[in-house]
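Okay, structure first, notes after.
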Amino acid sequence: MAGNPAEPLVLVDGDGVWLTDSEGRRYIDGNSSIWTNIHGHKHPAINAAISAQLEKVAHTSYLGFANPRASELAERMCGFFPSGSLERVFFSDDGSTAVECAVKMAIQYRLQTGEENRTGFIAFDQAYHGDTMGAASLGGVGAFFDRFRKFGFPVKHVDGLASLKALPGHEIAQTAGIVIEPLVQGVNQIRPWPEGMLAELRQWCDLHGIHLILDEVMTGFGRTGTMFACQREGVIPDFLCLAKGLTGGYLPMAATMVRGRIYDAFSGNAGNAFYYGHSYTASQLGCAAALASLDIFEQENTLGKLPEKVRLLGDLLEEIAATRAHIHEVRQCGMVAGVEVRQPDGKPLDPTLRIGEKICIRARDYQLLTRPILDTVVLMPPLSIPAEEIRQMCHAVAAAVDDVLPD
Ligand code: PLP
């Protein structure tokens, strides 16, 4: 057994998709160090970019100042979208603040454009958008958020497009924005939305004058197969929240991208400004890492290599599931996958048994490190993972399931 499951594993080194613990044991980083790492650990180009930036300056204030790395990064990010769409970038610290900024901007935009009554939000059941109070108010996972619900702001939660469309007109008329994790809900045990849902949601938002806020904190930077998940359905949001993979998973940093016409409502006079100034906003080290990460996407043809990897991951997981009665379902969206275990008759397992957790701990013996969400084993390796390690990762899941839940 790799380590005492009651104690956290102490991780001391990383190289490519491999992590090493304090006892010298090696593991595949099967969840990209909580969904952050993109090109592998100790990537020479990102290390070099951070070192080079250190020779200049690590961090300078972005409040009333600028820095060349942040300007360059903002320009590169806007370049992923047609001109005249997402034209402005607001930097912050992590996924929660990327969403927090979007929500506050969406409210302030309405207040400054004569729509004071349009300040409500709609989000989806089981959604996860972060832990700060604004982001948490949007959350739909009861265990995380219910005890805080009355301290946050009211949010209308719906379970999908049908219930959204059934909302009464007066609620729709009071809505500033709708927030969604596009293509796949991560914390909801890796649950993909039906194909075409996002494009339909965009149309619905346009029809009702509601801002579409996409939380791509997890899906951004190639995870689902395209650079951003929204590109799969040709959707451009009004707000795009990014974090985790922005720096290749090296440093905490986030960005909220917005359309030019939204930005315009905040300019003109100081009273219109968006007051959200964090100490490490647009950290020069973070920007240097992010720029290097974007370069690697091009130099290593990261996205071009994905279809084959996505196919291999899917094929292997289907194969494993087909011969194991306890594997209830495999859900996959690009390089994001969830393997849900249940009783052979399809009934959920007793949650107090914490079987998902047991499987992940057992998987360490087969050199895989990942973390479950309830009884779903999450696989979300760095995009750089070679085919051999994809095989090893899937073999580890199969072996761990067999050990914990013999048929
Ligand atoms: N939004 C989504 C979709 C996430 O998956 C997460 C984290 O898992 C967050 C927001 C919050 O990000 P962070 O933990 O960086 O605050």
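Descriptive notes on the structure:
- Elements of type helices (runs of 4 or more DSSP H) contained in segment 270-366, each with 1 or more residues being closer than 21 Å to Arg232 by Cβ and in contact with a strand residue (DSSP E or B) (Cβ under 8 Å, 6 or more places away or on another chain): 306-322
- Test: residue in segment 201-213 that is surrounded by 17 or more Cβ atoms within 10 Å (Cβ to Cβ), within 16 Å of the ligand (Cβ to nearest atom) and in a loop (DSSP other than H, G, I, E, B): no
- Test: residue in segment 53-68 that is touching a residue at least 40 places away in the same chain (Cβ under 8 Å), crowded, with 24+ Cβ neighbours inside 10 Å and not acidic (Asp, Glu): no
- Any hit, segment 246-264, residues being within 11 Å of the ligand (Cβ to nearest atom), touching a helix residue (DSSP H, G or I) at 6+ places or on another chain (Cβ under 9 Å), within 23 Å of Lys104 (Cα to Cα) and assigned to a helix (DSSP H, G or I): yes
- Leu303 vs. criteria away from the ligand (no atom under 15 Å from the Cβ) and farther than 23 Å from Asn67 by Cα: yes
- Glu388 being in contact with a Ser or Thr (Cβ under 7 Å, 6 or more places away or on another chain) and either among the polar types (S, T, N, Q) or surrounded by fewer than 24 Cβ atoms within 10 Å (Cβ to Cβ) (or both): no
- Residue among Ile190, Ile180, Ile172 that alone is on the phi > 0 side of the Ramachandran plot and either modelled with pLDDT of 95 or more or basic (Lys, Arg) (or both): Ile190
- Subset of segment 328-361 (residues that are touching a residue at least 24 places away in the same chain (Cβ under 8 Å) and more than 28 Å from Gly245 (Cβ to Cβ)): Arg342, Pro344, Pro348, Leu349, Pro351, Ile355, Lys358
- Positions within segment 131-177 being assigned to a helix (DSSP H, G or I), aliphatic (A, V, I, L, M) and either exposed (fewer than 13 other Cβ atoms within 10 Å of the Cβ) or under 20 Å from the mean Cα position of the chain (by Cα) (or both), in sequence order: Met133, Ala135, Ala136, Leu138, Ala143, Ala162
- Within segment 119-148, the set of residues being among the charged types (D, E, K, R) and over 17 Å from Ser96 (Cβ atoms) comprises Asp125, Asp146, Arg147.
- Glu200 being touching a residue at least 40 places away in the same chain (Cβ under 8 Å) and under 23 Å from Met227 (Cβ atoms): no
- The number of residues in segment 59-99 being of a type in the set (D, E, K, R) and within 23 Å of Arg232 (Cα to Cα) comes to 4.
The values are calculated or read from the model by the stated rules, or taken from the named source; none is laboratory data. Remember, it's a predicted structure, so these values are computed and weren't measured experimentally. With ideal geometry, Cβ positions are generated from the backbone for all residues, glycine too; neighbour counts draw on all protein chains shown.
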